[in-house]
1. For K320, which lysines qualify as cross-link partners when the Cα separation must be under 17 Å and same-chain residues fewer than eight apart are set aside?
2. When only DSSP loop residues count, what trypsin sites (Lys or Arg not before Pro) in the range 144-184 have their Cβ near at most 14 other Cβ atoms within 10 Å?
3. Need one number: the % of Cα-Cα pairs in the chain sitting beyond the 39 Å mark.
4. Using the Kirkwood radius over Cα pairs, work out the Stokes-Einstein diffusion coefficient for the range 102-291 at 25 °C and 0.890 mPa s, in µm²/s as a whole number.
5. Excluding residues on the same chain fewer than 8 positions from K161, give the aspartates and glutamates whose Cα lies under 12 Å from its Cα.
6. Find the Rg to Rh ratio for the range 200-289, where Rh is the Kirkwood radius over alpha-carbon pairs and Rg uses the same atoms.
7. Points 7 angstrom from Cα along the Cβ direction at L190 and L37: gap in nanometres?
8. Subtracting the Cα-Cα distance from 0.36 nm times the residue separation, let me have the gained length for Q209 to H9 in nm, one decimal.
Amino acid sequence: MKIALFDTHPFEREHFEAANCEFAHDISYLEPRLTHLTARLASGYPVVCCFANDNLDPETLKVLKQEGVQLIALRSAGFNHVDLKVASDLGLVVVRVPAYSPHAVAEHATALVLSLNRRIHRAHQRVREGNFSLAGLVGFDLHGKTVGVIGTGRIGSVFAKIMLGFGCRVIAYDLLPDKSLAKEVEYVSLDSLYRQADIVSLHVPLKAQTRHVIDQSALAKMKKGVMLINTGRGALIDTGALIGALKSGQVGFAGLDVYEEEEGVFFEDLSNEVLQDDQLARLLTFPNVLVTAHQGFLTEEALANIARTTLQNISDYENKKPLLNEVRDGMFKTTSSPHTN
Ligand code: NAI
């Protein structure tokens, strides 16, 4: 099928080229992000392929429909950037890549924990400038600490097991506890998790119930000096509240791979421009904050899986096979089946 692949990044193109040897789709690699302003580029393409920071709001979807698009193939697990109701009303089919490497994201969360704790980001800068002093670099043993995992689906459960490997005590909160993980991890209420955890790591999808789940009141319930890790979605955290908690010392460390307002900033080289986002600029001033630009998924294995599953989804649509990875409005709204990203 003819595919307009929006927001193409050099690191993923080679994986799509390799995977497409098997599928032989006709792919046009476009650099712009998909927004209502760029949607007309999809003219003549029955399929658009989108990434996590493309914006599939009602206006964009209407233009896509006018231009003859039938299928939206997300090359992400999350679909909070798509208005599924409007897509469904317009008869646009949406598919995604539900799982490509939970290890990639869980291991990145671990990298944030270790880097923040042992101040690797600061030590690296210092040593490069010839400063070999150890002042201010004291960390703590992970062994014996309590790690609170919010969301123990594919990624959260891998992260929990990694933390168990460090000798941590792991407590967790999930709407749908994982029975096998419950043999090693204690499921507790959110409030209890906040009270007990030395490290809190977020692995729930972004949806109405989880937006700003970490707000001022949640932060106030946590242990003073807690380490907060977010590789889920930026809007799980109220950034203003986090900045306040960092200033007061209530939060001792923050490791953020995602940010509420990352769209249009993350994935871009803005090094020659003045950063316009004051909250992000403030976050970047804290010595105990480590921000990465949504790179949790960025491993060779994950990229290969994303490319293959995306092209398989498109072939399944073309060949009228069952769409195993279709996402539809309302299908994740019950509390008993919350696997939404
Ligand atoms: P998953 O669907 O396997 O697991 C999500 C878990 O959250 C499930 O166990 C579910 O029961 C639980 N959950 C859902 N709503 C909840 C609620 N309101 N309260 C408590 N628990 C709730 O998803 P997966 O694959 O583990 O992904 C988790 C997150 O990671 C998603 O937000 C996704 O967008 C993000 N992600 C981030 C990436 C990155 O590069 N940083 C890459 C891929 C995913």
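Each reported figure results from applying straightforward, stated rules to the coordinates on display, with no laboratory input. Since this is a predicted model, take the numbers as computed values, not measurements. Quick reminder, even Gly has a Cβ in these numbers, built from the backbone with ideal geometry, and neighbours come from all protein chains shown.
1. Candidates past the 8-residue exclusion: K2.
2. On the way: sites: K145, R154, K161, R169, K179, K183; in loops: K145, K179.
Those satisfying the criteria are K179.
3. Details: 9768 of 57970 pairs.
Counting every Cα pair in the chain, those more than 39 Å apart make up 17 percent.
4. Details: Rh = 17.0 Å.
In µm²/s, the coefficient rounds to 144.
5. K161 reaches E107, E184.
6. Numbers: Rg = 12.9 Å, Rh = 13.5 Å.
My calculation puts Rg/Rh at 0.96.
7. Label at L190, label at L37, 3.6 nm between them.
8. Values: separation 200, 0.36 × 200 = 72.00 nm, distance 3.18 nm.
Extending this stretch completely gives an extra 68.8 nm.
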